[in-house]
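The values are calculated or read from the model by the stated rules, or taken from the named source; none is laboratory data. Just so you know, these numbers come straight off a predicted model, no measurement behind them. As a convention, Cβ positions derive from the backbone with ideal geometry for all residues, glycine included, and neighbour counts pool all protein chains shown. Keep in mind that these areas ignore ligands, DNA and RNA; they rest on the heavy atoms of the full protein, side chains included. Shrake-Rupley method; radii C 1.70, N 1.55, O 1.52, S 1.80 Å.
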Number of protein chains: 2
Amino acid sequence: MSNAAYKEMWEKLDLDIDAHDGLLAVLGKFYGDIYMSQQGRLKGMEYLDFVLSEVHGLRVKELQDAKAEGRKIIGTFCVFVPEELTLAANAVHVGLCAGADAGTEQAEKLVPRNTCALIKSFIGFKLARLCPYTESCDMVVGETTCDGKKKAYEAFAEHVNMHVMELPQTKSASARELFRSEVLRFKSELESLTGVTITPDKLAKGIKIVNDKRRALQRLSALRAANPAPISGRDALLINQVSFYDDPVRFTQSVNALCDEMEARIERGEGVVPEKTARLLLSGCPMAVPNWKLPYVMESSGAVIVGEESCIGTRNTRDLVDESADSLDAMIDAIVDRYMRIDCACFTPNTERLDNVVSMAKELKADGVVHYSLMFCQPYAHEALKVDSALREAGIPMLSIETDYSMEDVEQLKTRIEAFVEMVK
Amino acid sequence: MSNAAYKEMWEKLDLDIDAHDGLLAVLGKFYGDIYMSQQGRLKGMEYLDFVLSEVHGLRVKELQDAKAEGRKIIGTFCVFVPEELTLAANAVHVGLCAGADAGTEQAEKLVPRNTCALIKSFIGFKLARLCPYTESCDMVVGETTCDGKKKAYEAFAEHVNMHVMELPQTKSASARELFRSEVLRFKSELESLTGVTITPDKLAKGIKIVNDKRRALQRLSALRAANPAPISGRDALLINQVSFYDDPVRFTQSVNALCDEMEARIERGEGVVPEKTARLLLSGCPMAVPNWKLPYVMESSGAVIVGEESCIGTRNTRDLVDESADSLDAMIDAIVDRYMRIDCACFTPNTERLDNVVSMAKELKADGVVHYSLMFCQPYAHEALKVDSALREAGIPMLSIETDYSMEDVEQLKTRIEAFVEMVK
């Protein structure tokens, strides 16, 4: 379908059509430069190229069709909102994190200038009427993961139907209880919004669907230990990004098909880059679509990215929900246990993450780690210092990068990363 | 006692004597310029001048004497740590927040550069061996109020015996339960550190002492509604600052004596400034000793500060613990209820604060409000926008200031504040 055919839908969603046309043009060009220019891509990436080309088209159309059938759309910003429950309520779960500067001037009237680019972006996309996902949402679910998001949601709630989950800051028994009560509150909220009662059967099905998605992404992640690297970091990042808004069953099938292709390629000893290419692990803040700047700079500097230790990466896929529970209560417990294992920098202490970064770097045979903090993201900026110590102890070099969505520092980043690549090889 | 006489004590505490001498000299000069230069001060301020002149002397000596008697010293950074329990365990409760740049270079190895000045200061004071309070502590109690502190405590724990209380981020029933369990955990920790069992009698006494301190400070705060202002904002701030480390009973007596003097002054229609002086409320982040820059600039720009809507101000004194409870459990509940009423920006939502700022500005007959955010303090930077809206709706002008501990922006601040003062009068 052409953009023209979608125009009516976008108008109905009250997008700023001219600005939105401009955005799609920039996005298309950006995707072409960063993605379509790659050599030796997997054939299975065609599905992802298609999804991306239809990111504001077909998928948004599907959301409208779902709405027409009476299903509800739940927008989220964070890996802590249990998609299992959304699916059990026959609703659609979509990620709203935004990875490009848009509507910044308007956003800075709602939140301070010293706010991270991700937050300003989702607010800017809303205020500038550029995001068909946000406009399709029946409920937007926030969480108290960081000061920036916690306080931004207060302002954002003036513009969308907002539900905020309180996330604890430690992993104590009392903290778990708090999170459990918040999972139940989210469940009630979903039930009252959708009119669907979440039964054990429905929840078991939701758990299975999301676990299957995680298993496919775990499989993809594990295959990247091969040398030469069977897939570029950019492509793997894109897959993880798309996992937040594509239909989960279709997406899982596509990732598994891609993994089959990767396995065959690995068996043939082939890869996307020569065997001696520097292998880097990317660690830190989430990278939402179309935040591809740093991966592109890294892979244009003689390196290949072999893993994303990030929310849009292994932080979201490492742990499964135990599928053995058969009562609703036990399933809720299994969900709570799984989500409380996430090694997000919002927890104190968060030593699990240090262990996970080190073991991930080893398993994926990374020559070095690039730690990425979004400017003004305090939790990850603090942990950058600790990750650096942990990696140093393990004899793995790390480069700490702090950046945002602007393109102004690309040359500077390139210089630093090229020097790092030279050092680790 | 002279500094020379304290030298042995400071050496025992392993302070960097030369650097510490330098610090005291700067502090003395700064205090002279900002405090002793004031006209028409209350006689009762002599006690505060004395306390300040002995800030690293007599009071620290008292702590050593308490330690020699087997009492423990508990250091804190935040109004959320219940002093009632510390006193009930026969321990001494002291604030460790620091209000001056010191050891910044060393601190920036432990925490990111984009960390607020208050956090870098307490870390810098420790690493540069400049703070006799930190060195006297048997336990330092942190809390998860903001991302910056939460993550900084992880690094700080490598240098002091740290106990971190988890504070919830909402005021829901489940959040209250979490805080209650953390209050009980703090109580157990105190009991095991001190060997003292906290009984209802001891806790009732602790509650009474801390409430009396709050009542004296409430009295002081209410008297500032008088016009002309009976006390300068600098002096009132100093009193609130000293409330965090002075002996609570002695301090309360001194504040009440000062209030008697203020009442007499008000009766005579006298004040520290002419009746027509612009009256400003200071609202926002805490100002720890010797962070007097902004109050000094404000009161040198033709204004008088009539209240501090701040942790070092009314946020710490507004609410009392209910004294009617007679069982330990009921007392703990009363403590939990009182602390959960605090209108800190760490909570979401925190609309109580908006109401409190507006009513405080009205009660104290403020002509305007200066909102103060420490640079990189996200919770207060976000709320500055909301406070501004709430005040605008109430017809009260607000000036938003973001600054740190450096003196580089003094002239710029003066220009902005003079213009604001001219506008509000």
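The table below lists the values:
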| read-out | value |
| --- | --- |
| Exam field: residue A:5 pseudo-label spacings to other copies (7 Å along Cα-Cβ), nanometres | 9.2 |
| Whether region A:30-168 is rounded, prolate or oblate, judged on the alpha carbon gyration tensor where a/c under 1.5 counts as rounded | oblate |
| Equivalent ellipsoid semi-axes - Cα gyration tensor, region A:308-385, angstrom | 28, 16, 10 |
| Cα-only Debye scattering, region B:93-133: base-10 log of I(q)/I(0) at q = 0.29 Å⁻¹ | -0.94 |
| Cα-based Kirkwood hydrodynamic radius, region B:335-425, one decimal, Å | 14.4 |
| Cα lying deepest toward the dipole's positive end in region B:138-183, options B:172, B:148, B:161, charges on Cβ | B:172 |
| Only Lys, Arg (+1) and Asp, Glu (-1) charged, at Cβ; chain B dipole about Cα centre in debye | 440 |
| Using a 7 Å Cα-to-Cβ projection, residue B:161 label spacings across copies, nm, ascending | 5.4 |
| Convex hull per residue volume in Å³, alpha carbons only, for region A:93-169 | 86 |
| Farthest toward positive dipole pole in region B:361-425 [+1 Lys/Arg, -1 Asp/Glu at C-beta], among B:364, B:403, B:424 | B:364 |
| Residue mean of other protein chain beta carbons inside 10 Å, A:147-159 | 5 |
| Amide H partners (placed H, <5 Å) of residue A:164, local residues excluded | A:142 |
| Alpha carbon centroid spacing (whole Å) that separates region B:353-398 from region B:76-139 | 27 |
| Magnitude of the charge dipole, region B:18-148, Cβ model with Lys/Arg +1 and Asp/Glu -1, debye to 20 | 80 |
| Taking the C-alpha atoms of the protein assembly as shown, convex hull volume expressed per residue in Å³ | 169 |
| Nearest-first distances (nm) between copies at residue B:49, label 7 Å from Cα via Cβ | 8.1 |
| Long pairs among B:43/B:208; A:205/A:293; A:29/A:120; B:43/B:187; A:7/A:126, criterion Cα-Cα beyond 30 Å | A:205/A:293; B:43/B:187 |
| Dimensionless Rg ratio for chain B, taking C-alpha atoms and the 2.2 N^0.38 Å reference | 0.94 |
| Interface size B-A, as summed buried accessible area [1.4 Å probe, Å², nearest 100] | 3300 |
| Chain A: relative contact order as a whole-number percent, Cα under 8 Å and 6+ apart | 17 |
| Amide hydrogen neighbours beyond the local backbone of residue B:400, cut-off 5 Å, H modeled | B:371 |
| Accessible area (Å², per residue) of the protein assembly as shown, counting only protein heavy atoms and a probe of 1.4 Å | 37 |
| 222 nm mean residue ellipticity, helices alone, for chain B (DSSP H n ≥ 4; -39,500 (n - 2.57); rounded to 500) | -16500 deg cm²/dmol |
| Region B:183-256: relative contact order as a whole-number percent, Cα under 8 Å and 6+ apart | 36 |
| Chain B, accessible surface, carbon-and-sulfur percent (1.4 angstrom probe) | 52 |
| Where only C-alpha atoms are counted, convex hull volume of region B:214-308 per residue in Å³ | 84 |
| Region A:1-109 shape via C-alpha gyration tensor axes, a/c threshold 1.5 | rounded |
| For residue A:235, net neighbour charge (Lys/Arg +1, Asp/Glu -1) across residues whose Cβ lies under 13 Å away | 0 |
| Three-way shape label, region B:251-403, alpha-carbon gyration tensor, a/c 1.5 | oblate |
| Kyte-Doolittle at least 1.6, axis length at least 24 Å by Cα - qualifying DSSP helices, chain A | none |
| FRET efficiency for residue A:323 and residue A:69, using Cβ-Cβ distance with R0 set to 25 Å, rounded to 0.05 | 0.35 |
| Debye, to nearest 20: dipole size of region A:259-337, +1 on Lys, Arg Cβ, -1 on Asp, Glu Cβ | 800 |
